[in-house]
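*Asks:* To start, I am sharing the structure in question, which I have written as structure tokens.
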Amino acid sequence: MECMVSDDMKKVGISGTSGHRARLLERYIKTGISSLNNYEILELLLTFALPRKDTKPIAKQLLSHYGTVNAVVNAPLDELSDFSGLGRRSAAIFTLVKDMMAFCLNEESIKKPVSTHRGDIEKYLRLNLGHRREEYAAAVFLDAAGHIIGTEIVAEGTVNRCAVYPRTIMASAMRCGAASFIFAHNHPAGIVTPSEGDWQATERLIAAGKCMDLPLLDHIIISKDKIVSLREFERWPI
């Protein structure tokens, strides 16, 4: 006898998945994210991108592959898009979450002088640069009152090399009317000890800034879980 799956049986499957999603969402609403397992955080997020699919297996596979929720959110979009069960549209929900967090931090930072919110700048930079697998460099531009008026990726490189050109940063600073700037770059390997190249880049940026009356306030190195200010070292050029 031929075995067939009836429409009613399909509906039961869909209904069961929908019921689970509803319970998961209700648990989050009532008790917060701390009540969810790590895979359930990803599972719940994916339900908004994949409303008619059981997202639990995908969430568990993602967590198994990347290790943490944080690593999933910071994974490259193209890599996530190729993951089994995901496409570019559904994978984009993770990068959207990360970008929204960065936007909110930047939005909040713009309201306050840099002297009172260095922690916010560090969070913002770590969120944008700390989990990247290749080296990136960014400049944070400030106005005369110390408020952030712009942030720009000014260089990209391989896993251990990132070419920094002071003239590029000076040009960007002039375009946005900056009065000073902070330079930051990431160390994907996780070691935040400044290299000789980091100090040489700092010296070039300070020299270029003096010519343009645009002081470099700090050079920050970021890794996945650490952050270092070169200005706090005795070697910082005066």
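*Asks:* Between a first residue in the stretch 201-213 that is in the same structural domain as residue 167 (by TED's automatic domain parsing) and farther than 14 Å from residue 171 by Cα and a second residue that is of a type in the set (Val, Ile, Thr) and crowded, with 17+ Cβ neighbours inside 10 Å, which pairs have beta carbons less than 8 Å apart while being 6 or more apart in sequence or on different chains?
*Replies:* Filtered contacts from the stretch 201-213: 201/164; 204/164.
*Asks:* Let me ask something additional. Answer yes or no: is there a residue in the stretch 216-225 that is in the same structural domain as residue 149 (by TED's automatic domain parsing) and part of a helix (DSSP H, G or I).
*Replies:* Of the residues in the stretch 216-225, the ones in the same structural domain as residue 149 (by TED's automatic domain parsing) are 216-225.
Checking which are part of a helix (DSSP H, G or I) leaves us with none.
No; the residues of the stretch 216-225 include none that is in the same structural domain as residue 149 (by TED's automatic domain parsing) and part of a helix (DSSP H, G or I).
*Asks:* Considering each of 58, 29, 41, 33 in turn, give the residue that is more than 23 Å from the chain's Cα centre (by Cα) and assigned by TED's automatic domain parsing to the domain that holds residue 88. Walk me through it before giving the result.
*Replies:* Working: 58 fails: more than 23 Å from the chain's Cα centre (by Cα); 41 fails: more than 23 Å from the chain's Cα centre (by Cα); 33 fails: more than 23 Å from the chain's Cα centre (by Cα).
Within the list 58, 29, 41, 33, the selection yields 29.
*Asks:* Among the residues of the stretch 176-215, write down those that are within 18 Å of residue 119 (Cα to Cα) and among the aliphatic types (A, V, I, L, M).
*Replies:* 182, 184, 192, listed by residue number.
*Asks:* State all residues of the stretch 37-49 that are closer than 16 Å to residue 26 by Cα and either in a loop (DSSP other than H, G, I, E, B) or touching a residue at least 40 places away in the same chain (Cβ under 8 Å) (or both); if no residue qualifies, say none.
*Replies:* To start, the set of residues in the stretch 37-49 that are closer than 16 Å to residue 26 by Cα comprises 37, 40-48.
Across the stretch 37-49, the qualifying residues are 37, 45, 46, 48.
*Asks:* May I pose another question? Between a first residue in the stretch 50-77 that is part of a loop (DSSP other than H, G, I, E, B) and a second residue that is buried (at least 16 other Cβ atoms within 10 Å of the Cβ) and among the polar types (S, T, N, Q), which pairs have beta carbons less than 7 Å apart while being 6 or more apart in sequence or on different chains?
*Replies:* The qualifying pairs are 50/90; 54/17; 55/47.
*Asks:* Only residues that are in contact with a Lys or Arg (Cβ under 7 Å, 6 or more places away or on another chain) and within 13 Å of residue 183 (Cβ to Cβ): list them for the stretch 220-238, please.
*Replies:* Selection gives 222 alone.
The values are calculated or read from the model by the stated rules, or taken from the named source; none is laboratory data. Quantities reported herein were computed from a predicted structural model and do not represent experimental measurements. Cβ coordinates were reconstructed from backbone atoms using ideal geometry, including for glycine residues, and neighbour counts include every protein chain displayed.
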